[in-house]
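Right, one structure below, let's go through it.
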Amino acid sequence: QVQLVESGGGLVQPGRSLTLSCEASGIAFSGYTMRWYRQGPGKERDLVAGVGTSGTTVYSDSVKGRFTISRDNAKSMIYLQMNNVKPEDTAVYYCFAARALNTYWGQGTQVTVSS
């Protein structure tokens, strides 16, 4: 059974930092491209950041320079370090795994940026 479990969400003030984690089980983790997506209130689900099997990273323009994605293959985990968060970063953040036609989603973790 494949599971992606996100953690680390919560309420954070603008300008502060937050780290999200996603633990994967039931997959050969090192062979999967991993991504973070987010869905804000009334918005579509959009890509935030991705990390390939070789460690190559991609970021949306809205988070480039503020967020950092990383992976730990030994622990089957990915992370999203979120710095200088803004109110527009408020969303449910989802972990996503992909390999060929196999794709999996986590249940999401809520991040709310507010003073």
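The values are calculated or read from the model by the stated rules, or taken from the named source; none is laboratory data. Since we're looking at a predicted model, the values are computed, not measured. Cβ sites come from the backbone with ideal geometry, for glycine too, and all protein chains shown count toward neighbours. Just so you know, the surface numbers come from the protein's heavy atoms only, side chains and all, with ligands and any DNA or RNA stripped out. Shrake-Rupley method; radii C 1.70, N 1.55, O 1.52, S 1.80 Å.
Quick check on my filter: what residues within the stretch 23-57 are β-branched (Val, Ile, Thr), part of a loop (DSSP other than H, G, I, E, B) and touching a residue at least 60 places away in the same chain (Cβ under 8 Å)? Walk me through it before giving the result.
Here is the first cut: in the stretch 23-57, the residues β-branched (Val, Ile, Thr) are 27, 33, 48, 51, 53, 56-57.
Of the ones still in play, those that are also part of a loop (DSSP other than H, G, I, E, B) are 27, 53, 56.
The one that is β-branched (Val, Ile, Thr), part of a loop (DSSP other than H, G, I, E, B) and touching a residue at least 60 places away in the same chain (Cβ under 8 Å): Ile27.
Given the conditions (1) surrounded by 15 or more Cβ atoms within 10 Å (Cβ to Cβ); (2) of a type outside the set (D, E, K, R); (3) touching a Lys or Arg at 6+ places or on another chain (Cβ under 7 Å); (4) farther than 23 Å from Thr112 by Cα, report the number of the one that Gly31 does not fulfil.
Looking at each condition in turn, Gly31 falls short on (1).
Within the stretch 61-81, track down each residue that is open to solvent by 60 Å² or more (accessible area, probe 1.4 Å) and either touching an Asp or Glu at 6+ places or on another chain (Cβ under 7 Å) or acidic (Asp, Glu) (or both).
Asp61 - this is the single residue of the stretch 61-81 that is open to solvent by 60 Å² or more (accessible area, probe 1.4 Å) and either touching an Asp or Glu at 6+ places or on another chain (Cβ under 7 Å) or acidic (Asp, Glu) (or both).
Looking at the stretch 82-115, which of its residues are in a strand (DSSP E or B) and either in contact with a Cys (Cβ under 6 Å, 6 or more places away or on another chain) or open to solvent by 60 Å² or more (accessible area, probe 1.4 Å) (or both)?
Restricting attention to the stretch 82-115, the residues satisfying the condition of being in a strand (DSSP E or B) are 82, 91-99, 102-105, 109-113.
Cys95, Arg99, Asn102, Thr103, Tyr104, Trp105, Gln110 - these are the residues of the stretch 82-115 that are in a strand (DSSP E or B) and either in contact with a Cys (Cβ under 6 Å, 6 or more places away or on another chain) or open to solvent by 60 Å² or more (accessible area, probe 1.4 Å) (or both).
Taking Gly15 as meeting all but one of (1) open to solvent by 30 Å² or more (accessible area, probe 1.4 Å); (2) in a loop (DSSP other than H, G, I, E, B); (3) within 24 Å of Ser115 (Cα to Cα); (4) without any contact (Cβ under 8 Å) to a residue 40 or more places away in the chain, write down the number of the exception.
The single condition Gly15 does not satisfy is (4).
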